[in-house]
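Everything on this sheet refers to the single structure shown next.
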Amino acid sequence: MNKIEHIGIAVKNLENSNELFSKLFGESHYKIEAVESEGVNTSFFKVGENKIELLEATNEDSPIAKFINKKGEGIHHIAFDVSDIEAEIKRLKNEGFKVLNETPKQGADNKLVAFLHPKSSNGVLIELCQEIKD
Ligand code: ZN
């Protein structure tokens, strides 16, 4: 793994939270993106070299809606940048981690993504992401 790519935060209302986090960082988000397959609207902030992703559910079946119902708003996942997502999935499976999607899928921010089940990583949902180069 190369570095932390971003930290994902589950929020109830993206518009309100965009305002709140803009105040916190002293800068607005640089993009908003819907990921229909996940039932989420996302926004991204740059904080120096780091990124924060806010996620709002677009429907009740969205993993973000389920997360908020169970735990409330807060840190949802940590995403790590990887150079070869397929190789990382294989490696982590061999190490005993539970990979939620063994075939990487298209995520927000031009990335291929895969998730590890929080149960296999001390309660932390891990996202692997590899930049799609075009
Ligand atoms: Zn993410």
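Quick rundown of the values:
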| quantity | calculated |
| --- | --- |
| Whole-Å semi-axes of segment 27-134's equivalent ellipsoid (Cα gyration tensor) | 22, 18, 13 |
| Only Lys, Arg (+1) and Asp, Glu (-1) charged, at Cβ; the chain dipole about Cα centre in debye | 480 |
| Between helix 14-25 and the chain: long-axis angle, C-alpha atoms, 0 to 90°, nearest 10 | 90 |
| Rg ratio (alpha-carbon, reference 2.2 N^0.38 Å) - segment 1-69 | 1.10 |
| Under 5 Å, built H, 5+ apart or other chain: amide partners of residue 100 | 115, 116, 117 |
| Long-range amide H partners of residue 51 with built H, under 5 Å | 7 |
| Within the accessible area of the chain (1.4 Å probe), percent carbon and sulfur | 49 |
| Residue among 58, 42, 103 with the largest mean-square fluctuation in a Gaussian network model of the chain, springs linking Cα atoms under 10 Å | 103 |
| Environment charge at residue 28 (Cβ cut-off 14 Å; Lys +1, Arg +1, Asp -1, Glu -1) | +1 |
| Surface accessible to a 1.4 Å probe, per residue, for the residues of segment 10-134, Å² | 60 |
| 5 angstrom amide H check on residue 34, placed H, neighbours 5+ away | 42 |
| Among 60, 49, 102: highest mean-square fluctuation, GNM of the chain, C-alpha pairs under 10 Å | 49 |
| Residue-count net charge about residue 88 - beta-carbon cut-off 12 Å; Lys, Arg +1, Asp, Glu -1 | -3 |
| Most mobile of 84, 109, 61 in a GNM of the chain (Cα contacts under 10 Å) | 61 |
| Rough spin-label spacing in nm, given labels placed 7 Å along Cα→Cβ, for residue 84 and residue 61 | 3.6 |
| Label-reachable residues, segment 10-39, where backbone N falls under 20 Å from a point 7 Å from residue 121's Cα toward its Cβ | 10-11, 38-39 |
| Among 64, 96, 40 - extreme Cα towards positive end, dipole of the chain, charges at beta-carbon | 96 |
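The values are calculated or read from the model by the stated rules, or taken from the named source; none is laboratory data. Keep in mind that this is a model prediction, so the values were computed, not measured. As a convention, Cβ positions derive from the backbone with ideal geometry for all residues, glycine included, and neighbour counts pool all protein chains shown. Just the protein is used for accessible areas: all its heavy atoms, side chains included, with ligands, DNA and RNA removed. Shrake-Rupley method; radii C 1.70, N 1.55, O 1.52, S 1.80 Å.
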